[in-house]
1. Taking Arg89 as the residue in question, decide whether it is over 19 Å from the mean Cα position of the chain (by Cα), crowded, with 17+ Cβ neighbours inside 10 Å and either in contact (Cβ under 8 Å) with a residue 12 or more places away in the chain or within 21 Å of Asn258 (Cβ to Cβ) (or both).
2. Just the residues that are within 16 Å of the chain's Cα centre (by Cα) and aliphatic (A, V, I, L, M), please, taken from the stretch 123-146.
3. Could you check the stretch 189-226 and list, in sequence order, the residues that are among the small types (Gly, Ala, Ser) and away from the ligand (no atom under 16 Å from the Cβ)?
4. Residues that are closer than 23 Å to Glu251 by Cα, β-branched (Val, Ile, Thr) and crowded, with 17+ Cβ neighbours inside 10 Å: does the stretch 319-327 have at least one?
5. Collect the residues in the stretch 154-179 that are open to solvent by 50 Å² or more (accessible area, probe 1.4 Å) and either part of a loop (DSSP other than H, G, I, E, B) or touching a Pro at 6+ places or on another chain (Cβ under 8 Å) (or both), keeping them in residue-number order.
6. May I ask you to say which residue of Ser115, Ser146 is open to solvent by less than 10 Å² (accessible area, probe 1.4 Å), of a type in the set (Gly, Ala, Ser), within 15 Å of the ligand (Cβ to nearest atom) and within 17 Å of Ile260 (Cβ to Cβ)?
7. Pairs only if they're at least six apart or on different chains, beta carbon under 9 angstrom, first in the stretch 286-299 and under 18 Å from Glu349 (Cβ atoms), second of a type in the set (Ser, Thr, Tyr) and assigned to a loop (DSSP other than H, G, I, E, B); list them, first residue then second.
8. Within the stretch 284-297, does at least one residue satisfy the condition of being of a type in the set (D, E, K, R), open to solvent by less than 60 Å² (accessible area, probe 1.4 Å) and on the phi < 0 side of the Ramachandran plot?
Amino acid sequence: MALTDFSRRLFLRSMAIAGSAVPFMAARDSVAVAQSAPEDYTVHAQHPAHGQGRNIVVGEVDHAQNGFDPHGLLTEWDTGNVSISADGRKIREWTITAADHQFEVAPGITFAGWSYNGRVPGPTLRCTEGERLRIKFANGSTHPHSMHFHGIHAARMDGVPGAGLVDPGAEFIYEFEAQPFGCHLYHCHALPLKRHIHKGLYGSFIVDPDPALHPEAPDNAASRLLGSPENARWQEMVMVMNGFDTNFDDENEFYAVNSIPFAYFNKPIRIEKSRPVRIYLVNMTEFDPINSFHLHAHFFSYYDHGTTLEPTHRMIDTVMLCQAQRGILEFSFDRHEPGIYMFHAHQSEFAELGWMSHFEVV
Ligand SMILES: [Cu+2]
């Protein structure tokens, strides 16, 4: 097959051939090369554990080599370093470094990506409403990059060309107040934007509400505050929906939450039946106008952007998000029987190309 003939449609068609080894693209240094598949990269018609009759990659990516593990990413909150200023103000600081970062996105398929602090998505920055935030950004990559935060801040802190875009080898300090509380994100805003985002330069930015500022709903606020007794009973996790265009044709070949296709399908996320679940969900998928999250056998409450203490939707089982849209899902399996419960994108194509997952309720 000629290199130029290799489109996503052909890829999909080859994925549908059960049990056969498929050709795939490996992108190295932005040059796509066709290779024959290694022995362990095969497509099976049936999942061995659950027998659900679907196409799925077989084999494991090398998470240690990648420098990040999708199961670890779920709960790794980066709370930075806290200090108190002369005027008694809480200051929270992070050091973030951008780098060129080649990683294995699916077994045998390498993606020439870019990362913040060695992981895709970048660190989940978590803070509390009202704190002063200081992000020291160093660009160790070979291209200009920035950190553009979704939140409230001054124009000169916006992380766009002319305001915090950082050349290779240079640094910039973004500083602003943590507001509003909610489930937010940050991403590189260098041009061309779609290329800089899809290479992996994005992450979640969670601002917990300060219960003292919300006398109208102090319990709801406290349950969202990391480290509080009210928060401890929750099973919290962050999920960034993303996709990867491994042959640079402006279409994604793979979809996932937290970067590795089928990671939570093959190794379900363990949920304790008796404790409630809260998911910070962020859509960073490039090239496709929408993505979605659908939970099987259950319904959830949803907080659009996480900026309210009361749900903006109640009793829904699917939510649709454009790029950068995000929100908080809350549900509990306390009245369900234990078992394997699916969740996935309800764009079937995305699900078949990796955005397909399981909870294991115990
Ligand atoms: Cu960039």
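1. Working: over 19 Å from the mean Cα position of the chain (by Cα): yes; crowded, with 17+ Cβ neighbours inside 10 Å: no; either in contact (Cβ under 8 Å) with a residue 12 or more places away in the chain or within 21 Å of Asn258 (Cβ to Cβ) (or both): yes.
Here the answer is no, as Arg89 does not meet what is asked.
2. Answer for the stretch 123-146, where residues must be within 16 Å of the chain's Cα centre (by Cα) and aliphatic (A, V, I, L, M): just Leu125.
3. Pass one, the stretch 189-226, residues among the small types (Gly, Ala, Ser): 190, 200, 203-204, 212, 217, 221-223.
Answer for the stretch 189-226, where residues must be among the small types (Gly, Ala, Ser) and away from the ligand (no atom under 16 Å from the Cβ): Ser204, Ala212, Ala217, Ala221, Ala222, Ser223.
4. Going residue by residue through the stretch 319-327, those that are closer than 23 Å to Glu251 by Cα are 319-326.
Right, trim to β-branched (Val, Ile, Thr) and you get 319.
Going one step further and asking which of them are crowded, with 17+ Cβ neighbours inside 10 Å, we end up with 319.
Yes, because at least one residue in the stretch 319-327 is closer than 23 Å to Glu251 by Cα, β-branched (Val, Ile, Thr) and crowded, with 17+ Cβ neighbours inside 10 Å.
5. Hits for the stretch 154-179 are Pro161, Gly162, Leu165, Asp167, Pro168, Gly169, Gln179.
6. Ser115
7. As it stands, the answer is Asn291/Thr285, since those pairs meet every condition given.
8. Taking every residue of the stretch 284-297 in turn, at least one turns out to be of a type in the set (D, E, K, R), open to solvent by less than 60 Å² (accessible area, probe 1.4 Å) and on the phi < 0 side of the Ramachandran plot.
The values are calculated or read from the model by the stated rules, or taken from the named source; none is laboratory data. Quick caveat, the model's predicted, so the values are computed rather than measured. For neighbour counting, all protein chains shown are included, and Cβ atoms are generated from backbone atoms with ideal geometry for every residue, glycine included. Note: areas computed on protein heavy atoms with side chains; ligands, DNA, RNA excluded. Shrake-Rupley method; radii C 1.70, N 1.55, O 1.52, S 1.80 Å.
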